[in-house]
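Report on the structure given below.
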Amino acid sequence: MKAMLCKANGPIESLVLEDFELPPPGEGEVRVRVRCAGVNFPDILITEGKYQFKPEHPFPPGSECAGDVISVGPGVTDFKSGDRVIALTGHGAFAEEVNARSIKCLHLPDDISYELGSAFVLTYGTSAYALMQMGKLAWGEWLLVHGAAGGVGLSAVEIGKAMGARVIGTGSSDEKLAVVTDHGADHVINYTDGPFKDYVKEICGGAGADVIYDPVGGDVFDESLRCINWDGRLLVIGFTSDRIPKAPANLVLLKNCSIVGVFWGAWTERHPDLHRKNMDIMFQWLREEKLRPNISHHFPLEEVPAALNVLVERKVVGKAVITVD
Ligand SMILES: NC(=O)c1ccc[n+]([C@@H]2O[C@H](COP(=O)([O-])OP(=O)(O)OC[C@H]3O[C@@H](n4cnc5c(N)ncnc54)[C@H](OP(=O)(O)O)[C@@H]3O)[C@@H](O)[C@H]2O)c1
C-alpha cells in the first residue's frame, strides 16, 4: 500500500509517497482502509520532530481519518470488518491503510460522510473537553477564542455559542474573521492590528473574558492574562506561534484566575467513556446544525506536503482534508 512517509525528521517537503508494508493489526487494533484524513497542526510538529511523541522512522504522519474496517486484531469485539469508522491514529493516517487502536475509534454514523468524519473528532473533541470539563464555561459568560479561524479555534467558537456563551474571536486577517462571524462569533478582533486587551475589556463591559481558549501561545498568551476576568480560566491548548509562554504568577494571583492545561488525547485514553459521551453530544449538535464544520481545502494523498503547507501559511479556515482514492 502507498503511504506518505516521514523517513527522517525535517521539513514537510521531505515527506515522500512510497510503498509501505504495514504489519497485520495487533492486539486491540483494527485495520482501516482510509477514505479521508483530516489535516492538523500536530502533523507538522510530528514531521519536524517537535511533537511530544516521536515515532520510529519511517512512518506516515496523519492523526485522524475516516474509512472502513477491513480486518481486526485479537481482542477486538466492538468493531468488525465492513464497519464505517473514525480513527484517531496519532500518526499513520496519511496512507491507504492504517492500524488504529480500537479504543481510539468511533463508529462513523451513517448520516455523516467520510470527509466530515475525518475532519471532526480531533478539533471538536478537543474544544468540547476544553470548554465543558476544563473551562466549565457557563451560559452567558464571555469566551475569548484565539486563532478563531483555525481548526480547533473555529470549533471552539461554535461550541461556545452552542453552550450559550458570548464569543469573541481573534485572527490574523479580516477575510478569515468574516468566516468566524458567519460561524457565530459576536465580536471579532484582528490581532495583527495591535494590542487586543483593551478592546476585549471594553466588549466585556470592563471586566475581561471569563474563559480564554488559546491555541497560539507566545505574545497572545501574555496579553490574555491582562484581559481575563476575576475567576477566569485561561485554557492552554497549543503554541502555533512557536513560543511557549511563561506566566507571571503575580497576575494569576491578582486576577484570582486559573491557567488550565488541556491534553485532550491523553484524557480520551484515561476516560474513553466520557470522550464518547462528549462526542455523542457533538454529533447531536452537528445534526441540529448548531455545529457547521468548515472545510476550506481538499488535497489528494500525493499532495500531503502542500496540505500541511497551507496550515503553515495560515490559509486554512477550519480544516483541510486529504482524500485517499
Ligand atoms: N491541547 C490539545 O489537546 C490539542 C488538541 C489539538 C490541537 N492542539 C494544538 O492546537 C494548535 C492548533 O491546532 P490546529 O490543528 O487547529 O491548527 P490550525 O488549524 O493551523 O490553526 C491554528 C491557528 O493558529 C494561528 N496562528 C498564529 N500564529 C501562527 C503561526 N506562526 N503559524 C501558524 N498558525 C498560527 C492561525 O490563525 P491566524 O492566522 O488567524 O492567527 C491558525 O489558524 C496546535 O498547537 C495544536 O498542536 C492541541
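The values are calculated or read from the model by the stated rules, or taken from the named source; none is laboratory data. Here the structure is a predicted model, which means the values were calculated and not measured. Please note: Cβ atoms are built from the backbone with ideal geometry, for glycine as well, and neighbour counts cover all protein chains shown. Just the protein is used for accessible areas: all its heavy atoms, side chains included, with ligands, DNA and RNA removed. Shrake-Rupley method; radii C 1.70, N 1.55, O 1.52, S 1.80 Å.
Might you let me know whether region 259-269 holds any residue that is farther than 27 Å from H183 by Cα and within 10 Å of the ligand (Cβ to nearest atom)?
Checked against the condition, which is being farther than 27 Å from H183 by Cα and within 10 Å of the ligand (Cβ to nearest atom), region 259-269 yields at least one hit.
Would you mention how many residues in region 302-323 are open to solvent by 10 Å² or more (accessible area, probe 1.4 Å) and in contact with an Asp or Glu (Cβ under 9 Å, 6 or more places away or on another chain)?
5
From the list D273, D242, which one is open to solvent by 50 Å² or more (accessible area, probe 1.4 Å), assigned to a loop (DSSP other than H, G, I, E, B) and among the acidic types (D, E)?
D242
So, P109, is that one assigned by TED's automatic domain parsing to the domain that holds E18 and either open to solvent by less than 20 Å² (accessible area, probe 1.4 Å) or of a type in the set (A, V, I, L, M) (or both) or not?
The answer is no for P109.
Conditions tested, residue by residue: (1) near the ligand (Cβ under 9 Å from one of its atoms); (2) of a type in the set (K, R); (3) at pLDDT 95 or above.
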{"residue": "Y124", "(1), (2), (3)": "no, no, yes"}
{"residue": "K136", "(1), (2), (3)": "no, yes, yes"}
{"residue": "W142", "(1), (2), (3)": "no, no, yes"}
{"residue": "H146", "(1), (2), (3)": "yes, no, yes"}
{"residue": "M163", "(1), (2), (3)": "no, no, yes"}
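Exactly one condition in (1) open to solvent by 70 Å² or more (accessible area, probe 1.4 Å); (2) in contact with a Gly (Cβ under 7 Å, 6 or more places away or on another chain); (3) over 13 Å from F59 (Cβ atoms); (4) of a type outside the set (G, A, S) is not met by P11; state its number.
With respect to (1) open to solvent by 70 Å² or more (accessible area, probe 1.4 Å); (2) in contact with a Gly (Cβ under 7 Å, 6 or more places away or on another chain); (3) over 13 Å from F59 (Cβ atoms); (4) of a type outside the set (G, A, S), P11 is out only on (2).
Yes/no per residue for (1) closer than 29 Å to F196 by Cβ; (2) within 16 Å of the ligand (Cβ to nearest atom):
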residue	(1), (2)
N229	yes, no
S241	yes, yes
H271	no, yes
N278	no, yes
W285	yes, no
E303	no, no
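Every residue, every condition in (1) near the ligand (Cβ under 10 Å from one of its atoms); (2) within 19 Å of V317 (Cβ to Cβ); (3) open to solvent by less than 10 Å² (accessible area, probe 1.4 Å), yes or no:
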{"residue": "L154", "(1), (2), (3)": "yes, yes, yes"}
{"residue": "S173", "(1), (2), (3)": "yes, yes, no"}
{"residue": "P195", "(1), (2), (3)": "no, no, no"}
{"residue": "A207", "(1), (2), (3)": "no, no, no"}
{"residue": "G218", "(1), (2), (3)": "yes, no, yes"}
{"residue": "S224", "(1), (2), (3)": "no, no, yes"}
{"residue": "V236", "(1), (2), (3)": "yes, no, no"}
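Just a yes or no: is a residue in region 239-251 of a type outside the set (D, E) and touching a residue at least 40 places away in the same chain (Cβ under 8 Å)?
Scanning region 239-251 turns up at least one residue that is of a type outside the set (D, E) and touching a residue at least 40 places away in the same chain (Cβ under 8 Å).
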